[in-house]
1. Would you compute, from DSSP H runs of 4+ residues alone, the mean residue ellipticity of the chain at 222 nm, taking -39500 (n - 2.57) per run and dividing by the full residue count, rounded to the nearest 500?
2. How much accessible surface does Val197 have with a 1.4 Å probe, in Å² rounded to 10?
3. Please work out the average accessible area per residue across the chain, using the 1.4 Å probe convention, and give it in Å².
4. For a label point 7 Å from the Cα of Gln225 along Cα→C-beta, name the residues of the stretch 277-320 whose backbone N is under 18 Å from it.
5. Once you order the gyration tensor axes a ≥ b ≥ c over the Cα atoms, which shape class does the stretch 235-322 get: rounded for a/c under 1.5, otherwise prolate or oblate by comparing a/b with b/c?
6. Once fully extended, how much extra length lies between Arg28 and Glu178, figured as 0.36 nm per residue of separation less the alpha-carbon to alpha-carbon distance?
7. Applying the Karplus parametrisation 6.51 cos²θ - 1.76 cosθ + 1.60 with θ = phi - 60° to the phi angles of the stretch 215-226, what ³J(HN,Hα) value in whole Hz is obtained for each residue in order, glycine and proline being reported as x?
8. Take the alpha carbon atoms of the stretch 203-230, find their center, do the same for the stretch 303-322, and report the distance between the two centers in whole angstrom.
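The values are calculated or read from the model by the stated rules, or taken from the named source; none is laboratory data. Bear in mind that the values here come from a model prediction, so they are computed numbers and not experimental data. With ideal geometry, Cβ positions are generated from the backbone for all residues, glycine too; neighbour counts draw on all protein chains shown. For the accessible areas, the whole protein counts, side chains as well, though only heavy atoms, and no ligand, DNA or RNA atoms are used. Shrake-Rupley method; radii C 1.70, N 1.55, O 1.52, S 1.80 Å.
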Amino acid sequence: MKRRPLLGMAAATVIAPRSAFAQGYPDRPIRFVVPYAPGGATDTGARAIAERLAVILDQPVIVENKAGGGTIIGTEVVAKAKPDGHTILLTPGALAVNAAFDLPLPYDTFKDLAPIARFFDLPILLAAGNEAPFKSMAELLVWSKDKGNIVAFASAGVGSVQHLWTEYLKARTGMKLEHVGYKGSSEALRDVMGGHVPLFSDLLMPTATSVQAGKLRGLVVAMSQRSSLLPNVETVGEAGLAGMEGAVPFGIAAPAGTLPAVIAKLNAAVNQALSDTGLRRRLEEFGFILIGGTPEFFSESLHAECDKWRKVIKDAHIPPPA
């Protein structure tokens, strides 16, 4: 007869501290792991939102760069961290792609991380060298698909989202495209501007600056609306490629097992930060498309990205990145 009340009291002693912890969260600085080297646009974006989150949460949000292993090292740090909400991750654009390649990762992408919110997308830009025999997306389609010319395209590397998106474009249009992988965008950009490779699939920024300077021709942005950075470059929809939108997605996540109330508090803080006019203006100058939304939306997006690229990888027989 006495066992039931005792069990109830035991449950209450477990729930009460957890509830109190969530209410008092955060009670110390938050470690924000960025799986990239300092100084790039992605790192700048992370630091910008960290400043706003620190104000909203009334605790320092300290960016810690953990580059290496194709973003795997930094991601593992958070996946294996204590799930108390005081260690969070800038989820890399490669998160879904690494899972799609079925790489032997030291963590389970969908079981070891708790999505907090989508942060921003970096759209893809397809550009051509000034010496290329096509000056628009329509001309490229005619040159490659209708005339049967093989067109080489450069990207930041095998297995990058830019590479996969262009393979998807190839399958969708029937163009004869041949990939030339580089170890980073800067090497690829140099060869495209030098006339060695006619086509370049890269992120909107920083490649848009080369288009603005007249060093490349922008053919199409993989967006639903024109970019303010390149207002004269048509979207995929305008080019007759509806549904071909593509971007490298970034988000914020915590270790799996983090209390739902803590995830909810972090999600609210991220969305509040993203509504700040100053932050939006600052990040949009880098070509970021700010997203936000619920943890569920972010989780669904990750699964959809993984499924999409897994099919492209399989159909195009793309080997995993070295």
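1. For the chain, the value works out to -13000 deg cm²/dmol.
2. Accessible surface of Val197 is approximately 10 Å².
3. Accessible area per residue: 46 Å².
4. Output list for this probe position: 277-293.
5. Judged from the Cα gyration tensor, the stretch 235-322 comes out oblate (a/c at least 1.5, b/c at or above a/b).
6. 48.9 nm
7. 8, 9, 10, x, 9, 6, 9, 7, 10, 7, 10, 5
8. 25 Å
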